[in-house]
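Heads up, the thing below is written out as C-alpha cells.
FYI, it's all coordinate maths here, none of it is from the lab. For clarity, every value in this text was computed on a predicted model and none was experimentally measured. Cβ: placed from backbone, ideal geometry, glycine included. Neighbour counts: every protein chain shown.
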Amino acid sequence: MASNSASQILAITKTAPYSKPRASRFHQSRKPYLNLCCLSQKFSNDNALFCLPNSKSFPLAKELEERNSNNHSPTLREICQDHVPGNVLRRQVSAPPPSPSTICTSLLLEEVGYLVPTDVQREALPVLFSGNDCILHAQTGSGKTLTYFLLIYSQINPKKSAVQALIVVPTRELGMQITKVARMLAAARHMDPELEQKSYTVMALLDGGMLRRHKSWLKAEPPAIVVATIGSLSQLLEKQIFKLDSLRVLVVDEVDFLFKSSKQVSSLRKLLTSYSSCNNRQTVFASASILQHRRFIHDCIQQKWTKGDVVHVHVNRIMPMPACLYHRFVICGRKAKHQVLLSLLQSDLPESGIIFVGEQSEKSKKSGQASSTTVLIDFLRASYEGPLDILLLEEDMNFNSRAASLTDVRKGDGYLLVSTDIVARGIDLPETTHIYNFDLPKTAIDYLHRAGRTGRKPFSDKKYYVTNIILSEERFVLQRFENELMFHCEELTMETQG
Ligand SMILES: Nc1ncnc2c1ncn2[C@@H]1O[C@H](COP(=O)(O)OP(=O)(O)OP(=O)(O)O)[C@@H](O)[C@H]1O
C-alpha cells in the first residue's frame with residue numbers, strides 16, 4: 001500500500017476537474033492548489049495507517065459529476081465549506097465561517113479519495129462546526145477520527161504557540177496511530193497560501209515515551225496538537241510543564257473505556273474540570289460503545305465535563321454491530337482449539353487476520369506457566385504454512401517490541417496478528433479480513449470492539465468474518481453477546497473437532 005500511494009494520488013488528480021494553481025484566488029474559486037510532490041512524499045511514509053481508496057474503485061471526477069446532476073447529499077468538502085444549510089442541527093449558534101484550514105483539510109481528503117462523508121461525519125460535522133460539544137457514538141470503523149480532526153483543524157491557529165487541541169487515548173498504540181493521522185492531515189497546510197511559513201505541530205505524549213525530551217520541547221515551543229495517554233499527560237500537567245489555557249478542542253477517544261478504568265478515571269476527571277474548563281473549550285467524546293448513554297450525558301452536564309447543550313450524535317442506534325460482519329462459531333474441546341484454528345486458517349485463506357487470546361492470569365504468571373499467546377505463536381510458527389507473517393502483540397512486551405510488531409503489521413505483506421485486547425480498541429488495520437476469538441472476550445462490549453477490528457472500509461460491500469472457537473459450555477455466553485448486540489452467529493462444523 002505504502003509504495004503505491006504517490007501513484008494513487010497522481011492517478012486521482014489526473015481525473016479531477018481542477019484548475020491551474022492560483023493560490024491567491026483560492027477562496028473565490030474553491031479550486032485547490034495542491035502541492036502534489038510534497039503530498040506524495042508525505043503519504044509514501046505515512047499512509048499505511050490511512051486506507052487510501054484506489055482510484056479505479058473511486059472515480060472521483062465521475063462521481064462528482066453524477067452527484068452534481070442528481071441533487072446529491074453533501075460531500076465532505078461541502079459540509080466543511082457551507083456548514084450544510086438545513087442540516088440535522090436546528091439550533092445553530094452563531095457558527096463561525098469555515099476557516100481556510102478546514103477547507104484545505106477537506107480538499108486534501110478529497111484528493112486522496114475521501115469524497116463522501118460517512119454517516120457519523122454527515123451528522124456530527126454540522127454540530128461540531130456550530131460550536132457544540134458532542135458525544136460521537138457510532139459503530140467501529142465509521143470514521144469518528146476524521147470527524148474530530150476536521151473540527152480540530154477548523155479551530156487551531158498554527159501561528160499561535162500554545163497547545164490548542166488535545167486528544168486523550170487509552171493506549172500508546174492508538175496514540176501512535178492518531179498522531180500519524182494528525183500529521184498526515186497537517187499536510188493540508190501546503191494548500192493554504194496564508195500558512196506558508198507555519199506548520200501545525202503535533203506531539204505524541206504517550207506512555208513509554210521519552211518524557212524528558214518532551215518537556216524541553218513543550219517549554220521551548222508548545223505544539224498546536226497533543227495526542228496523549230492520560231498517565232503521561234497528568235505527570236506533565238501536575239508538574240506544570242505546560243498549561244491548557246489556550247485549549248480550544250479536547251477529544252477523549254474511547255471515552256467509555258477510560259471512564260471504566262480505575263487507574264485512569266480520577267486523572268481524567270481532573271483533566272476535564274481542573275486543568276481546563278468546559279466553558280473555554282469544545283469537548284468531544286468518542287466511542288462505539290457508550291453504555292447507559294442517557295446517564296452518561298446527565299453526568300457530563302452535571303459534572304461540567306461538557307457544556308449543558310452537549311449533543312449526542314448516535315448513529316446506527318438499532319444496530320451497534322457493523323452490518324458487513326459475518327459471525328460464526330465452532331464448538332470443540334479445549335485440546336482441539338489449536339488444530340481448529342489451523343483448519344480455519346487453511347480454509348478461510350484470510351488476506352490478514354487478528355487472533356484474540358485472553359490475558360494470562362496473575363496466578364498462572366506466578367506459577368511460571370507459558371502464556372496462551374506464547375503457546376499459540378509457537379504452534380502457528382511450527383504448523384502454519386500459509387503466506388502470512390505471524391506476529392505477536394501483548395501488554396507484557398516492552399514498548400519497542402510492541403511498536404515493532406505494529407510496524408511489521410503495517411508493512412502491507414499480510415499478517416496473522418496474535419494479540420490480547422490491547423489492539424481491540426481503536427486500532428485501524430483496514431487490511432484485516434478475519435477476526436478469530438481463540439478465547440471469548442469477557443463482555444459483549446469487548447466482543448463489539450474486537451469484531452470491529454475488521455470491516456473498516458466504510459463504503460466497501462465486502463463481507464468480513466468474525467469466528468469464535470468455543471467450548472460447548474461457552475455457547476450461552478456467546479448467545480448472551482448476540483442478544484445484547486443484536487447480531488446472529490452461525491455454527492460451523494469441522495472435521496477436526498475434538
Ligand atoms: N469519508 C471517508 N471515506 C472513506 N474512508 C473513510 C472516511 N472516513 C474515514 N475513513 C476510513 O475509515 C477507517 C475507519 O475510521 P476510524 O479509524 O476513524 O474509525 P472509528 O469510527 O474511530 O472506529 P473505532 O470505533 O473502531 O475506533 C479508516 O481507515 C479511515 O481512514
Apply the a/c threshold of 1.5 to the C-alpha gyration tensor of the stretch 230-281 and tell me whether it is rounded, prolate or oblate.
oblate
When a/c reaches 1.5 or more, the comparison of a/b and b/c decides; with that in mind, is the stretch 325-491 rounded, prolate or oblate per its Cα gyration tensor?
rounded
So for each of 160-170, 287-297 I average, over its residues, the number of other beta carbons within 10 Å; can you give me the resulting order with the highest mean first?
160-170, 287-297
Using a 7 Å offset from the Cα along the Cα-to-Cβ direction at both TYR384 and SER277, what is the distance between the two label points in nm, to one decimal?
5.4
Mind ordering 212-218, 409-415 by average Cβ neighbours within 10 Å, highest first?
409-415, 212-218
Of the listed peptides 199-205, 298-304, what is their order by residue-averaged count of other C-beta atoms within 10 Å, with the highest listed first?
199-205, 298-304
